[in-house]
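Enquirer: Handing you a structure now.
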Amino acid sequence: MPVRHWHKLLVVALCLMLADCGQKTQLVNDMPLPPFGSPRHSGLATVAVEKPPAGPSRHDVNPSQWIPSAKESKWRFIVVHHSASTRGNAASFDKAHRDRGWDELGYHFVIGNGSLSGNGEVEVGPRWKKQKYGAHCGVRDHPEYNRVGIGICLVGHFNEGKPSEAQMESLAQLVRWLMARYDIPKSRVLGHGMLKATDCPGTKFDYNDLYRRL
Ligand SMILES: [Zn+2]
């Protein structure tokens with residue numbers, strides 16, 4: 001190679017070295033901390049492997065399934081609850097309510113958290129299909145909260161943590177649909193704890209977040 005081209009080679013070599021250094025710096029930054037007492041590269045594996053959701057995802061939310069087959073009641077209230085349990089679904093709460101001597105599942109709808117139904121999945125309870133009064137909000141001198149109150153239960157214990165984003169989004173979608181269909185104003189979308197002395201739907205349930213979505 002002629003001598004006059006050497007400087008070009010030098011520039012190319014310098015560029016390669018710099019690029020290589022940059023990459024090494026990046027690799028050092030990305031390296032996991034020494035895995036004291038834990039499996040090698042466990043930190044990286046946690047990032048790479050996402051836990052698959054249990055059951056159907058919230059994409060299965062389908063308002064056409066909420067249209068009741070029976071003659072529709074004149075609903076006036078929507079009452080939000082939590083299950084105060086980490087796991088559950090409509091079937092497990094139906095069993096629990098029957099075991100307590102109730103006629104059947106007290107809520108009209110149950111919104112799953114990915115434990116025994118999908119995260120954000122809306123299950124329609126038998127009461128809703130029959131358009132039967134609720135059994136979820138017994139308040140002295142106020143039979144209307146059960147008689148014409150739609151009970152929605154989110155699976156979870158929201159004294160401990162918040163509902164998932166999928167649950168909140170499904171709740172908002174369901175409540176919007178019910179408000180429009182039965183002409184229920186936002187002022188009648190309530191939490192159980194607004195009507196009687198209970199933590200339900202949990203001390204960490206964010207009402208403002210729900211109202212913002214409606
Ligand atoms: Zn409740």
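Enquirer: Might you check whether a residue that is free of Cβ contacts under 8 Å to residues at least 24 places away in the same chain, more than 11 Å from the ligand (Cβ to nearest atom), in the same structural domain as Phe109 (by TED's automatic domain parsing) and under 24 Å from Gly88 (Cβ atoms) occurs anywhere in region 137-157?
Expert: So far as region 137-157 goes, yes, one or more of its residues are free of Cβ contacts under 8 Å to residues at least 24 places away in the same chain, more than 11 Å from the ligand (Cβ to nearest atom), in the same structural domain as Phe109 (by TED's automatic domain parsing) and under 24 Å from Gly88 (Cβ atoms).
Enquirer: Name the residue that is modelled with the lowest pLDDT, counting only residues in region 45-89 that are open to solvent by 90 Å² or more (accessible area, probe 1.4 Å) and assigned to a helix (DSSP H, G or I).
Expert: Selected residue: Thr46.
Enquirer: Considering region 158-189 alone, what residues qualify as being closer than 20 Å to Leu105 by Cα and within 13 Å of the ligand (Cβ to nearest atom)?
Expert: Answer for region 158-189, where residues must be closer than 20 Å to Leu105 by Cα and within 13 Å of the ligand (Cβ to nearest atom): there is none.
Enquirer: OK, next. Could you tell me which of the residues Val148, Val155 is touching a Ser or Thr at 6+ places or on another chain (Cβ under 6 Å), within 22 Å of Gln65 (Cα to Cα) and hydrophobic (A, V, I, L, M, F, W, C)?
Expert: Val155
Enquirer: Another question, if that's okay. Return the residue satisfying two criteria in turn: it lies in region 180-213 and is of a type in the set (A, V, I, L, M, F, W, C), within 20 Å of His142 (Cβ to Cβ) and in a loop (DSSP other than H, G, I, E, B), and of such residues it is most open to solvent (accessible area, probe 1.4 Å). Before you say what the answer is, go through the steps one by one.
Expert: Of the residues in region 180-213, the ones of a type in the set (A, V, I, L, M, F, W, C) are 180, 184, 189-190, 194-195, 197, 200, 205, 210.
Of the ones still in play, those that are also within 20 Å of His142 (Cβ to Cβ) are 184, 189-190, 194-195, 197, 200.
Subset that is in a loop (DSSP other than H, G, I, E, B): 184, 197, 200.
Details: Ile184: 8, Ala197: 108, Cys200: 13 Å².
Among them, the one singled out is Ala197.
Enquirer: A follow-up question, please. Does Gly88 qualify as being within 16 Å of the ligand (Cβ to nearest atom) and of a type in the set (Gly, Ala, Ser)?
Expert: Numbers: within 16 Å of the ligand (Cβ to nearest atom): yes; of a type in the set (Gly, Ala, Ser): yes.
Yes; evaluated as a whole, the condition is true for this residue.
Enquirer: Oh, and also: Pull up region 90-120, narrow it to residues that are polar (S, T, N, Q) and in a loop (DSSP other than H, G, I, E, B), then point me to the one that is nearest to Tyr133 (Cα to Cα).
Expert: Here is the first cut: in region 90-120, the residues polar (S, T, N, Q) are 92, 113, 115, 117, 119.
Next, only the ones that are in a loop (DSSP other than H, G, I, E, B) stay: 115, 117.
Values: Ser115: 28, Ser117: 24 Å.
Among residues in region 90-120 that are polar (S, T, N, Q) and in a loop (DSSP other than H, G, I, E, B), the one nearest to Tyr133 (Cα to Cα) is Ser117.
Enquirer: Restricting to region 91-113, and then to whatever is under 22 Å from Thr203 (Cβ atoms) and more than 14 Å from the ligand (Cβ to nearest atom), can you tell me which residue is least open to solvent (accessible area, probe 1.4 Å)?
Expert: My answer is Gly112.
Enquirer: Could you give me the residue pairs with C-beta distances under 6 Å whose first residue belongs to region 192-213 and is farther than 18 Å from Phe77 by Cα, whose second residue is outside any helix (DSSP H, G or I) wherever it lies, and which are 6+ apart or on separate chains?
Expert: Sorted first by the residue in region 192-213, then by its partner, the pairs are Asp199/Asn159; Gly202/His82; Gly202/Phe158; Gly202/Asn159; Thr203/Asn159; Lys204/Phe158; Lys204/Lys162; Phe205/Phe158.
Enquirer: Identify all residues within region 105-129 that are among the charged types (D, E, K, R) and closer than 16 Å to Ser64 by Cα; write none if there are none.
Expert: Initial filter on region 105-129 (among the charged types (D, E, K, R)): 121, 123, 127, 129.
If the condition is that a residue be among the charged types (D, E, K, R) and closer than 16 Å to Ser64 by Cα, then Glu121, Glu123, Lys129 are the ones that fit.
Enquirer: Scan region 166-179 and give yes if some residue there is in contact (Cβ under 8 Å) with a residue 24 or more places away in the chain, of a type in the set (Lys, Arg) and either surrounded by 17 or more Cβ atoms within 10 Å (Cβ to Cβ) or not in a helix (DSSP H, G or I) (or both), otherwise no. Let's see the steps before the verdict.
Expert: Start the filter on region 166-179 by keeping residues that are in contact (Cβ under 8 Å) with a residue 24 or more places away in the chain, which leaves 166-179.
Narrowing the set further to residues that are of a type in the set (Lys, Arg) leaves 176.
With either surrounded by 17 or more Cβ atoms within 10 Å (Cβ to Cβ) or not in a helix (DSSP H, G or I) (or both) added as a condition, the list becomes none.
The answer is no; no qualifying residue exists.
The values are calculated or read from the model by the stated rules, or taken from the named source; none is laboratory data. Note that this is a predicted model, so its numbers are computed, not measured. Every residue, glycine among them, receives a Cβ derived from its backbone with ideal geometry; neighbour counts consider all protein chains shown. Surface areas here come from the heavy atoms of the whole protein model, side chains and all, with no ligands, DNA or RNA. Shrake-Rupley method; radii C 1.70, N 1.55, O 1.52, S 1.80 Å.
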